[in-house]
Amino acid sequence: MNRILAIGAFLLLSSASAIASDWVQVFTNPAEAISVDTDSIARSGDNINAWTRTVLTVETDVQLGRPAKEVRTQYIADCQGRTLLVNALMFYDAQGNVLASLPPEQDAPAVVVPGTAGEFILRAVCNKG
């Protein structure tokens, strides 16, 4: 019985923390708008973990059965090295249903190119973290 209560409490707290997001838009262009969840920004040694949300202007076929309207990405940012590493990816349809939660295909951090969305993400994450 205690185990069931503990699992229920964990699920309740997990869902509450998922709902409690503070999305701040950091980049937009005609194809997408990217926001950073400032509540998710957390320092871990020299790195900073943070979630982003990319809302696509047009639903896009990403080979998941239904088109995606939103992508949430967890990044590991190295502010000194100016790199981003994708740690997790989640795809959503237009109704907010999860299409897939995928492991990243990237195994090494990518250098952030000036003037790109990555630079705006890195700036927002590093300034807050």
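The values are calculated or read from the model by the stated rules, or taken from the named source; none is laboratory data. Being a predicted model, the structure only gives us computed values, none of them experimental. Virtual Cβ from ideal backbone geometry, glycine too; neighbours counted across all protein chains shown.
In segment 26-48, what count of residues is obtained for those that are farther than 21 Å from Lys69 by Cα and touching a helix residue (DSSP H, G or I) at 6+ places or on another chain (Cβ under 7 Å)?
Here the count works out to 3.
What number of residues in segment 63-75 are within 10 Å of the chain's Cα centre (by Cα) and hydrophobic (A, V, I, L, M, F, W, C)?
Residues meeting the conditions: 1.
Quick one: which strands (runs of 3 or more DSSP E) sit completely within segment 1-89 and have at least 1 residues that are surrounded by fewer than 17 Cβ atoms within 10 Å (Cβ to Cβ), of a type in the set (Gly, Ala, Ser) and modelled with pLDDT under 95?
Here the list reads 42-44.
Restricting attention to segment 98-129, and to residues there that are assigned to a helix (DSSP H, G or I) and of a type in the set (A, V, I, L, M), which single residue is nearest to Ala33 (Cα to Cα)?
Ala117
Under 6 Å between Cβ atoms, at least 6 apart or on separate chains: pull out the pairs that start in segment 32-49 with a residue that is more than 20 Å from Ala117 (Cβ to Cβ) and end on any residue that is in a loop (DSSP other than H, G, I, E, B).
Taking only residues 6 or more apart or on different chains, the pairs are Asp39/Ser21; Asp39/Asp22; Arg43/Gly129.
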